[in-house]
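Visitor: First, the structure itself, so that you have it in front of you.
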Amino acid sequence: MIIPRIKIVLKKFFRNKLNYIICLLIAFCFSFSIMISSLTYSAKEYYENDIFNFVSYRIFSISNPQNKESLIKTLNNMPEIESVFDSYGYMSPWELPSFYNYFSDTKTPSIWLLGIGGSIDANNNQKINLTNKLEMVCPSMYIPYTQNGVPIKDKEIDLTSYVGKTLTIKYIDSNNPKEYEVKLVGLYDNDKIGKNYDMCYMNYQALEKINKEVLNLPKTNIYYELKNIIYEESVTNKLQNIGYYPDPVIFLNRMPAIDSLNMLVYISYGIFGVVAIIILALVYYKILKDKENNMLNKLLGYSNKNSLFNYVIDALLLFIFSIILLFVFVFLLLKIFKVIIPKYYTSFKNIPLLISYSSLIKTICLIFILSLLLNIIIFIFGQKREKHNV
């Protein structure tokens, strides 16, 4: 008896065009909501994994500590920390005589060498572990000249052909013009973080060695590099408990620095409101339309239990086809958003759009509840109208 009844419900469901409209409205409404959540999710993933976890953002300084040796020992014993070094291993400016005549109207280009202890994410998804030899990783977009603090982009020097070759670096000091041969072992994508146009990275031990030959630093700070940015809070708390207050070497809002998505959120709310009104109107129309069918079912001996079963099956069908359409709309909207969003929200230029699976799962659950709720409402109001007519 159950299978024939299910077949009847299936036929009724597919014959009723209102069901198609309701499925389309539910799917579009919720798919747009998923995409709005996915924008925030994509930005969060990008900034936490690709930006804030970039090596520059994982380096912190402690200015002129009182008990330097004790602090260094404490930092080295922390498993969250990759490396510890002083000012000699931190940073220094250098000229590149190899590019002396690269632009005839400009001076010799320069770089900043920054010391690190761990690996650096290079182009082509490579991780380069710098050794204590004289080798460095430089920006793929190397722009050594600025105007009013802004890089002059038509003065870019392409370092691609120099990877694997040795470059001469010269300390910027006429009284102590020392030169060193340094191998360029790779390039990193600095365009995605919008900075570091003249910043190259070297192992802090190698940098410390050459800096001690050209620099004189009577007062030194202590620097440490985290293995991952997720350890920032725990390490900071440990240090503050013993009286030290570290600062990031690059001050930046630690939250995802994205443009406001308020307009898209309001559009999503508006879609929800309009769709809710339309669905309620369709449900009311369906209640009126099902009046004759309910009366006929009563004459054929259908109990309330039998009718409720039919509505539950109808709800499951509504849920299944809404989910199928939901995936179709999400796929289409993802394609559209990848083209449109970067044009109107420039902070999404380098952010790969990802679908938030947690939002997707929540939406599927909500659609299931909504499908059951709609059919239960139709069933209850249908029963009330029957009793009123009787």
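Visitor: Spot the failing condition for residue 388; the list is (1) open to solvent by less than 80 Å² (accessible area, probe 1.4 Å); (2) at pLDDT below 90, and only one is missed.
Guide: (1) is the only condition that residue 388 fails.
Visitor: On the basis of being touching a strand residue (DSSP E or B) at 6+ places or on another chain (Cβ under 7 Å), more than 15 Å from residue 206 (Cβ to Cβ) and among the acidic types (Asp, Glu), does residue 95 make the cut?
Guide: Here the answer is yes, as residue 95 does meet what is asked.
Visitor: Does any residue of the stretch 109-123 turn out to be surrounded by fewer than 20 Cβ atoms within 10 Å (Cβ to Cβ), among the aromatic types (Phe, Trp, Tyr), touching a Lys or Arg at 6+ places or on another chain (Cβ under 8 Å) and not in a helix (DSSP H, G or I)?
Guide: No, the stretch 109-123 contains no residue that is surrounded by fewer than 20 Cβ atoms within 10 Å (Cβ to Cβ), among the aromatic types (Phe, Trp, Tyr), touching a Lys or Arg at 6+ places or on another chain (Cβ under 8 Å) and not in a helix (DSSP H, G or I).
Visitor: Return the pairs, sorted by first residue and then second, in which the second residue is among the small types (Gly, Ala, Ser) and assigned to a loop (DSSP other than H, G, I, E, B), the first residue lies in the stretch 78-90 and is within 13 Å of residue 114 (Cα to Cα), the beta carbons are less than 8 Å apart, and the residues are 6+ apart or on different chains.
Guide: If the second residue must be among the small types (Gly, Ala, Ser) and assigned to a loop (DSSP other than H, G, I, E, B), the pairs left are 85/117.
Visitor: Also: Return the residue satisfying two criteria in turn: it lies in the stretch 35-70 and is under 11 Å from residue 221 (Cα atoms) and not aromatic (Phe, Trp, Tyr), and of such residues it is nearest to the chain's Cα centre (by Cα). Can you show your working first?
Guide: We begin by selecting, within the stretch 35-70, every residue under 11 Å from residue 221 (Cα atoms); these are 60-66, 68.
Narrowing the set further to residues that are not aromatic (Phe, Trp, Tyr) leaves 61-66, 68.
Working: 61: 27, 62: 30, 63: 32, 64: 36, 65: 36, 66: 40, 68: 38 Å.
Across the stretch 35-70, the extreme among qualifying residues is 61.
Visitor: A further question on this structure: Give the residue, chosen from 57, 88, that is closer than 30 Å to residue 152 by Cβ, in contact with a helix residue (DSSP H, G or I) (Cβ under 7 Å, 6 or more places away or on another chain) and assigned to a helix (DSSP H, G or I).
Guide: 57
Visitor: Got a sec? Which of 321, 272 is under 18 Å from residue 28 (Cα atoms), open to solvent by 40 Å² or more (accessible area, probe 1.4 Å) and either at pLDDT below 80 or in contact with a strand residue (DSSP E or B) (Cβ under 9 Å, 6 or more places away or on another chain) (or both)?
Guide: Values: 321 fails: either at pLDDT below 80 or in contact with a strand residue (DSSP E or B) (Cβ under 9 Å, 6 or more places away or on another chain) (or both).
None of the others qualify; the one that does is 272.
Visitor: What about residue 85, is it in the same structural domain as residue 214 (by TED's automatic domain parsing), under 30 Å from residue 222 (Cα atoms) and either acidic (Asp, Glu) or over 28 Å from the mean Cα position of the chain (by Cα) (or both)? Write out each step before concluding.
Guide: Details: in the same structural domain as residue 214 (by TED's automatic domain parsing): yes; under 30 Å from residue 222 (Cα atoms): yes; either acidic (Asp, Glu) or over 28 Å from the mean Cα position of the chain (by Cα) (or both): yes.
So residue 85 passes the test.
Visitor: What number goes with the only condition from (1) closer than 24 Å to residue 205 by Cβ; (2) surrounded by 14 or more Cβ atoms within 10 Å (Cβ to Cβ) that residue 164 does not pass?
Guide: Exception for residue 164: condition (2).
The values are calculated or read from the model by the stated rules, or taken from the named source; none is laboratory data. Computed from a prediction, not measured in an experiment: that's the story for all the values here. Neighbour counts are summed over all protein chains in view; Cβ atoms, including those assigned to glycine, are modelled from backbone coordinates with ideal geometry. Calculation scope for accessible area: heavy atoms of the full protein, side chains included, ligands and nucleic acids excluded. Shrake-Rupley method; radii C 1.70, N 1.55, O 1.52, S 1.80 Å.
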